[in-house]
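Worksheet: the structure to be examined is printed underneath.
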Amino acid sequence: MKYIIVLGIQNSGSGAVHDYLASRDDCESPFGVNEFKLCLDPMGLHNLYLNFYENFSFLSSSNAMYDFVNYTKKLQNHSVYISRGVKKKLYKTNFHNLSEKFIKKVTKVEYKGRPEFSDFKISIFEKYLLKFTKRYYSFFPIIIPEKKEKFIIESKKFINNVIENNLEKKLNKKSQIILNQSVNIFDPIKSSKYFENSKIIYVTRDPRDMYSSMKSNKSGSSPWRNVDLFIQWYKHYFDNMEFKKRLNNKDILHVKFKNFVTNFKKENLRICNFLEIDSKFKFKKNNNLFDLSVSKKNLTKYINYLSKSENDKIKKELKKFLQR
């Protein structure tokens with residue numbers, strides 16, 4: 001199967017590119033408009049790999065595994081909005097069982113202990129329960145992971161199983177899976193090694209429109225409250241050679257949001273050639289994800305939404321990133 005992963009900075013417009021691909025009748029979208037962050041999140045699969053093999057210490061693998069197991073337990077019951085006022089679970093039943101089976105396959109040795117730091121992982125109430133059941137001195141799982149090669153093999157199987165579980169059907173070599181924001185934008189190649197045959201599209205947007213969207217949405221982890229902070233944040237993460245080098249990787253297609261919505265025919269041809277899919281497409285019968293006219297309305301919102309001072313500051317400080 002082929003994984004098509006769409007990435008972008010917060011409020012970059014990458015959702016429009018994802019929704020277009022997810023709406024095609026030759027593509028599968030296991031999570032609808034929602035993001036698939038199982039690999040990306042700080043307690044997710046990539047963090048597990050890093051602490052097993054690259055950030056390894058005596059107990060780093062055990063701590064990462066403990067966090068991953070608790071994270072996936074909570075993901076099993078995590079709900080998202082599928083329409084106004086309507087929520088449903090993001091992951092289908094059996095997701096946590098798949099996670100537990102995966103952990104067993106990548107764990108070579110496990111025993112229970114009580115390393116000093118583990119006291120900070122549990123609440124006072126949990127400590128009391130452990131003492132009451134006489135398990136306080138051996139409650140924390142300490143592990144030795146399997147070899148790196150086996151971890152990668154089992155990770156790919158795990159991801160495939162999670163996707164099939166959500167789609168509730170078996171996939172084949174011709175299946176094309178669309179995922180949103182599923183790998184690390186600062187290390188997209190390494191953090192996508194858990195996906196079979198993956199292709200990555202990276203979407204950028206005019207920073208004025210980005211900041212405008214951040215402010216209007218009050219985006220939770222973005223610096224939307226102050227334009228000077230936004231500029232400082234933007235420069236730190238994206239105005240450096242390391243980031244530019246990754247963006248220019250031959251295995252990544254860079255798409256500018258403005259070009260996508262104003263010259264869709266040309267950009268669609270670029271996207272389809274990169275992904276090796278047909279540029280002559282049909283939408284699914286019940287397409288309710290993608291509407292190019294709606295995406296166009298999100299262009300140049302900053303003109304009416306940002307103050308002159310905010311607009312001028314971004315225009316001056318982030319001049320080379322503007323999409324004219």
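Every number here is computed from the coordinates shown, using simple stated rules; none is lab data. Please read all numbers here as calculations on a predicted model, not as lab measurements. Neighbour counts run over all protein chains shown; Cβ positions are idealised from the backbone, glycine included.
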*Please name which of 238, 55, 5 has its Cα lying farthest along the dipole of the chain towards the positive end, using unit charges on Cβ (Lys, Arg +1; Asp, Glu -1) and the Cα centre as origin.*
5
*asked:* Given points 7 Å out from each Cα along the Cα-Cβ axis, report the residue 309 to residue 228 separation in nanometres with one decimal.
replied: 1.0 nm
*Bin width 10 Å, alpha-carbon pairs only: give the P(r) of the chain as whole percents, running from 0 to the bin holding the largest distance.*
5, 23, 29, 25, 13, 5, 1
*Report the net charge of residues surrounding residue 149, where surrounding means a beta-carbon distance below 12 angstrom and charges are Lys +1, Arg +1, Asp -1, Glu -1.*
+3
*What whole number of Å gives the distance from the Cα centroid of the stretch 24-76 to the Cα centroid of the stretch 149-215?*
12 Å
*Kirkwood estimate for the stretch 37-170, i.e. one over the average of 1/r between Cα atoms, Å*: 16.2 Å
*Mind sorting 86, 69, 227, 6 by how few other Cβ atoms lie within 10 Å of their own Cβ, fewest first?*
86, 69, 227, 6
*Gain upon complete extension [residue 187, residue 147; 0.36 nm per residue less C-alpha separation]*: 12.2 nm
*Alpha-carbon spread of the stretch 269-324, three principal axes, descending order, Å*: 45, 26, 12
*For residue 97 and residue 274 in the same chain, what is the full-extension length gain: residue separation times 0.36 nm, less their Cα-Cα distance, in nm?*
60.1 nm
*Pull out the extension gain between residue 319 and residue 284, defined as 0.36 nm times the separation in residues minus the alpha carbon to alpha carbon distance; nm, one decimal.*
8.6 nm
*Net dipole in debye of the chain [+1 Lys, Arg Cβ; -1 Asp, Glu Cβ; about Cα centre; nearest 20]*: 540 debye
*Who wins for biggest fluctuation among 246, 270, 225 in a Gaussian network model of the chain, springs between alpha carbons below 10 Å?*
225
*Say a paramagnetic label sat at a point 7 Å from the Cα of residue 235, along Cα to Cβ; which residues of the stretch 291-323 have their backbone N under 12 Å from it?*
314, 316-319
*Could you tell me which of 18, 71, 283 has its Cα farthest along the dipole of the chain towards the positive end, charges placed at Cβ (Lys, Arg +1; Asp, Glu -1), taken about the Cα centre?*
283
*Would you please give the FRET efficiency between residue 89 and residue 57, computed as 1/(1 + (r/R0)^6) with r the Cβ-Cβ distance and R0 = 51 Å, to the nearest 0.05?*
0.90
*Any idea how far the Cα center of the stretch 266-324 sits from the one of the stretch 229-244, in Å?*
20 Å
